[in-house]
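**Student:** What follows is a single structure, and I will ask about it in a moment.
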Amino acid sequence: MARGQREWMVNGQLNAWRQGRGRAYVATFAPLDALCEELVAIAADREPGVAPRRLRHTHVLLLYYQKLKGIGWHRDDGPNDGASDEPVVSLSLGCECDFAIKDSQRSIETTVRLRSGDAILFGGPSKRIMHAVTAIYPGTNPLGGGDCRLNLTFRHAPELCGLERTDRFFHFGAVTRRYLHTERTRGTDVARAEVMARRLARQKKKTSSSIET
Ligand SMILES: O=C(O)CCC(=O)C(=O)O
Ligand SMILES: [Fe+2]
């Protein structure tokens, strides 16, 4: 792997631990260029809405699911997802999973079962569609290594080159970093209580400053 390599495990723990999922965001390595190019070309031939027809990926986000727990509904529209309109290629390895998409919070979802080696392309108008991994199936990992799953998403995010090392929690920011640290070291109830206390303190501050003015 090239410049910007990140460790998935730090002191025996998943880095950026979150519900048994670890993540690393690295400057891209070249060997999978041709695969991404081919996948984009196939998708674009079948679906003319995939535009642009190229993915000059600069980064790959690696997710390692150590537990059979997926990822909740979200859009890939955060700062480290890249501002580019080039498509994202998402490669699934290890255990099978249910991958779901929907247009908006209220619309009906579509679910596909992904097997190891399947890829999804987020492109054109669907680049930032809502998605989630709603289930991961035990005993379905053909690669060995037990009940785990890997997801690699190749992204074009040139504006983030050089920032990889600062990124360990880039996606989540300082607030989440603090929450996750507390959750990991002192448990969910304490983390929740701290969030509530901070919220109350902020409200109090806001109220007193509006009274003063
Ligand atoms: O694990 C997956 O297939 C999806 C991961 C994902 O949605 C993300 O990294 O933004
Ligand atoms: Fe995502």
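**Student:** Under the Karplus relation 6.51 cos²θ - 1.76 cosθ + 1.60, θ = phi - 60°, what is the ordered set of whole-Hz ³J(HN,Hα) values for segment 124-137, x standing for Gly and Pro?
**Tutor:** Running phi through 6.51 cos²θ - 1.76 cosθ + 1.60 with θ = phi - 60° gives x, x, 9, 4, 10, 5, 6, 8, 7, 9, 8, 7, 10, 9 Hz.
**Student:** Here's a follow-up. If the limit is 30 Å between Cα atoms, which of LYS69/LYS102; LYS102/LYS204; LYS69/LYS127 go over it?
**Tutor:** Exceeds cut-off: LYS102/LYS204.
**Student:** Okay, moving on. Each residue of segment 93-108 in order: what ³J(HN,Hα) in whole Hz does its phi give by Karplus 6.51 cos²θ - 1.76 cosθ + 1.60, θ = phi - 60°, with x for Gly and Pro?
**Tutor:** 9, x, 4, 5, 8, 9, 10, 10, 10, 7, 6, 8, 3, 8, 7, 6
**Student:** Ranked highest first by the average count of other Cβ atoms within 10 Å around their residues, in what order do 123-134, 83-94, 189-200 fall?
**Tutor:** Those peptides, ordered most packed to least, come out 83-94, 123-134, 189-200.
**Student:** Could you compute how much accessible surface LEU63 exposes when probed at 1.4 Å, giving the result in Å² to the nearest 10?
**Tutor:** Rounded to the nearest 10, the figure is 20 Å².
**Student:** Quick one: order ASP45, ASP147 from most to least accessible surface, probe 1.4 Å.
**Tutor:** Largest accessible area first, the list is ASP45, ASP147.
**Student:** Order the following by accessible area, largest value first: ARG184, ARG46, ARG21. Probe radius 1.4 Å; ligands, DNA and RNA are ignored.
**Tutor:** ARG46, ARG184, ARG21
The values are calculated or read from the model by the stated rules, or taken from the named source; none is laboratory data. This structure is a prediction, so every number in the text was calculated from the model and none was measured. Positions of Cβ are generated from backbone atoms using ideal geometry, with glycine treated the same way; all protein chains shown enter the neighbour counts. For accessibility, only protein heavy atoms count, side chains too; no ligands or nucleic acids. Shrake-Rupley method; radii C 1.70, N 1.55, O 1.52, S 1.80 Å.
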